[in-house]
């Protein structure tokens, strides 16, 4: 690893959720480089008994297999792995899938921003490389592009794309700030994690990493993503605004959001009310009435646009790993 001098000073864990990946899991674990200190495989009640098969085939002392009695989903498996990594005192935790789509050769690239103190969280982005993007199945490409904008708005990380990419790394300082009980247990896990990371002001980076596609099939349905994710993203968007600008802090964005929402809401409600009243009485509305409805709506909408602009520009500058430490140096 090019970042070996950094990794020697850090304890790094790789967490692998394991469900129906019997034909790939051994190759995935064997490909993890020696600089990784801990490998945590979570058998999420896999019907193929992938975890037991792996523990019988590999005697790597870094390997720890955890078994779920019931299936908790990819998010539930990751939370189990994250808790185990934190309990083991790991400084950085990487998430890899067990289907061999994530090339361990790119681990140094993924870890570098965290090990050098520039980021708290990194994730792979397959959209940087046009060649790799062409190798991505069309259905996945369309689904990812369709969700990118909504994910940016919901998470507040306008510099992050490829929302369904699960090749991630996170510093333990940021990981401890997350409320695991509020994270999604299924395929919305990565996005719900991004939303929480933005609330606690963690620095997140996209890292150009192409994916490998073989004979394996993704268990994430494109249609499930397109129709299931948007309602969750909208809910996450409003939850993030509530925590960021009304609970954790009050600033100019708070004033613009509140004033803009009141102005826009009043203008639209008043305009609809007067329109129905005019229809019932068969009367046209005066210019003054129209102005009372139109002006607050336009001003409120401009305030909301300004709030969005400030939200886009409001990015943390110092990683949590530099601000938070449980060790006395």
Pairs where the first residue, in segment 47-70, is without any contact (Cβ under 8 Å) to a residue 24 or more places away in the chain and assigned by TED's automatic domain parsing to the domain that holds residue 14 and the second is surrounded by 16 or more Cβ atoms within 10 Å (Cβ to Cβ) and assigned to a strand (DSSP E or B), C-beta under 7 Å, 6+ apart:
55/65
Just the residues that are farther than 13 Å from residue 19 by Cβ, in contact with a strand residue (DSSP E or B) (Cβ under 9 Å, 6 or more places away or on another chain) and in a helix (DSSP H, G or I), please, taken from segment 30-78.
52, 55
All-but-one check, residue 174 against (1) touching a helix residue (DSSP H, G or I) at 6+ places or on another chain (Cβ under 8 Å); (2) modelled with pLDDT under 95; (3) assigned to a helix (DSSP H, G or I), failing number (2)
What are the residues in segment 225-259 that are more than 19 Å from residue 158 (Cβ to Cβ) and over 26 Å from the mean Cα position of the chain (by Cα), if any?
255, 258, 259
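Per-residue answers, yes or no, for (1) surrounded by fewer than 21 Cβ atoms within 10 Å (Cβ to Cβ); (2) in contact with a helix residue (DSSP H, G or I) (Cβ under 7 Å, 6 or more places away or on another chain); (3) at pLDDT below 90:
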residue	(1), (2), (3)
122	no, yes, no
132	yes, no, yes
137	yes, no, yes
162	no, yes, yes
195	no, yes, no
203	no, no, no
221	yes, no, yes
228	yes, no, yes
If we scan segment 155-165, do we find a residue that is touching a strand residue (DSSP E or B) at 6+ places or on another chain (Cβ under 9 Å), touching a residue at least 12 places away in the same chain (Cβ under 8 Å) and farther than 27 Å from residue 99 by Cα?
yes
If we ask which residues in segment 239-294 are surrounded by 15 or more Cβ atoms within 10 Å (Cβ to Cβ) and out of contact with any helix residue (DSSP H, G or I) (no Cβ under 8 Å at 6 or more places or on another chain), their number turns out to be 1
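The values are calculated or read from the model by the stated rules, or taken from the named source; none is laboratory data. Everything numeric here is computed off the predicted structure, so don't read it as measured data. All Cβ positions, even for glycine, are placed from backbone atoms using ideal geometry, and neighbour counts span all protein chains on display.
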